[in-house]
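Have a look at the structure below, then the notes.
Every number here is computed from the coordinates shown, using simple stated rules; none is lab data. As the structure is a prediction and not an experimental result, all values here were calculated from the model. Note that we place each Cβ from the backbone using ideal geometry, even for glycine, and neighbour counts take in every protein chain shown.
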Amino acid sequence: MFDSFKKKFTGDNDEPAGTTTKPDISREKSAELFAKAKTYFPGGVNSPVRAFKSVHGTPLFIEKGDGSHIWDADGNEFIDYCGSWGPLILGHNNGKVREKVISVMQNGMSFGAPTALENELAELILKNNKYIQKLRFVSSGTEAVMSAIRLARGYTKRDKILKFEGCYHGHTDSLLVKAGSGLVTFGETSSAGVPKSFADETIVIPLNDEQALEQAFANFKDQIAAVIIEPIPANNGLLLQEKEFLKFLRIICAQNGTLLIFDEVISGFRVGFEGAAGHYQIKPDIITYGKIIGGGLPVGCYGASAEIMGHISPDGGVYQAGTLSGNPVAMAAGIAQLTELLRMGFYRELNNKTQEFTEAIQRFATARNYKFKVFTIGSIFWFAFTDKEAIRSADDIDPASMDKFKKLHRELLNRGIYFGPSGYEVGFISAAHTKIDLEKTKRAIFDSLELVFSNK
Ligand SMILES: *Cc1c(COP(=O)(O)O)cnc(C)c1O
């Protein structure tokens with residue numbers, strides 16, 4: 001009776017007993033909350049990956065966060081490497097962000113009229129980013145991408161867009177499309193509810209493949225409005241691209257009158273204040289931001305040259321609006337967070353810290369001949385159970401290797417380390433992670449890897 005009840009709400013993701021050397025953390029309260037949540041929300045969650053479908057056990061319900069640490073409903077404490085999926089580059093509950101938000105909130109939450117705070121955040125960004133001249137604030141990454149696509153179509157008066165397999169751009173219809181059969185084809189919808197006619201406007205090709213790009217531009221001459229790419233693809237593992245490929249992409253877009261969109265919702269303000277554009281010194285035509293830009297509150301943004309942005313209403317004919325766009329409380333969080341990022345040496349310190357951490361883990365794994373690679377850039381890292389030197393396209397990931405991640409995830413939770421609940425997700429280091437945190441984490445990772453690679 002109890003067993004079947006447990007099965008019912010943990011799904012089929014239980015490991016057999018005896019594969020862990022530590023007792024599993026107590027999840028009674030989280031499990032209770034999850035059972036309740038399932039009566040309210042599909043799958044018990046408001047965003048699918050949170051449901052812990054691909055790792056052991058029920059999702060943890062988080063009660064609070066402070067710095068690099070989070071606490072769940074059962075009182076378990078973790079060092080967190082998910083960081084709310086990227087926004088929290090300063091860590092949880094940062095004092096400067098919190099104080100600024102509280103002070104702005106004293107004056108009301110939303111007006112639907114312009115406020116000086118929008119100017120302030122825009123100025124912070126534009127003064128320190130040579131790749132865009134004007135921008136528009138929206139309320140999520142998805143919304144930023146959706147608007148950027150419409151802008152590109154309105155600007156070029158073309159309909160088709162090209163995306164890469166292994167890049168995630170939020171859940172806008174025309175981008176919920178995956179590669180069909182054949183190298184250069186229209187995509188197939190990757191979600192029910194997306195009309196086939198939408199997918200017919202989206203071409204999907206593999207990353208890191210110049211030939212496929214050339215073929216696509218030949219097949220659809222003068223029809224492609226935009227190519228959209230995560231210049232640092234970090235939503236399906238970390239599929240680092242060679243700079244040469246991104247340069248080639250820049251050139252072929254320009255030759256074809258196609259706009260290049262860098263979706264920097266995850267890489268923006270993460271690998272440096274100017275994101276991937278600054279890192280690779282490549283100027284796309286439109287950039288989208290999200291995550292870090294809002295300091296943990298819902299903010300997205302898209303930006304381009306003044307000329308391209310002139311096509312957005314009310315200046316131009318491309319319509320885009322939002323009741324809560326530029327919300328003062330959200331702007332306040334963004335202002336406080338980005339101000340910290342502009343501190344001298346901020347990124348150097350954060351990136352060095354990440355490099356030391358990932359190198360130590362790689363050394364450990366290499367010394368033991370584990371099929372295990374740590375890929376990293378800036379303060380993003382990804383563990384891949386592989387012996388490949390590089391993983392640059394979605395096809396290079398072995399789905400069977402995810403079993404090992406599942407084990408690792410459980411071992412790490414039992415040792416007080418919280419990673420996003422899927423082996424396809426990257427980890428983030430924040431400014432709040434201390435030397436002690438990172439030492440503890442390394443030790444936990446070493447112990448866990450030993451278990452994962454032992455012959456059990
Ligand atoms: C997270 C993400 C999105 C979607 O942003 P939401 O705020 O979740 O809508 C889009 N593109 C990239 C590259 C992302 O990482």
Inset, instruction - Scan the range 287-333 residue by residue and report those that are assigned to a strand (DSSP E or B), away from the ligand (no atom under 13 Å from the Cβ) and closer than 26 Å to GLU242 by Cα. - result: GLY303, ALA304
Legend entry - Residue under evaluation PHE262, criteria (1) hydrophobic (A, V, I, L, M, F, W, C); (2) surrounded by fewer than 23 Cβ atoms within 10 Å (Cβ to Cβ); (3) in contact with a Pro (Cβ under 8 Å, 6 or more places away or on another chain), criterion not met: (2)
Inset, instruction - Out of the residues in the range 79-93 that are hydrophobic (A, V, I, L, M, F, W, C) and under 17 Å from GLY334 (Cβ atoms), state the one that is nearest to the ligand (Cβ to nearest atom). - result: TRP85
Inset, instruction - Hey, can you tell me all the residues within the range 20-68 that are crowded, with 18+ Cβ neighbours inside 10 Å, free of Cβ contacts under 8 Å to residues at least 40 places away in the same chain and touching a His at 6+ places or on another chain (Cβ under 7 Å)? - result: GLY65
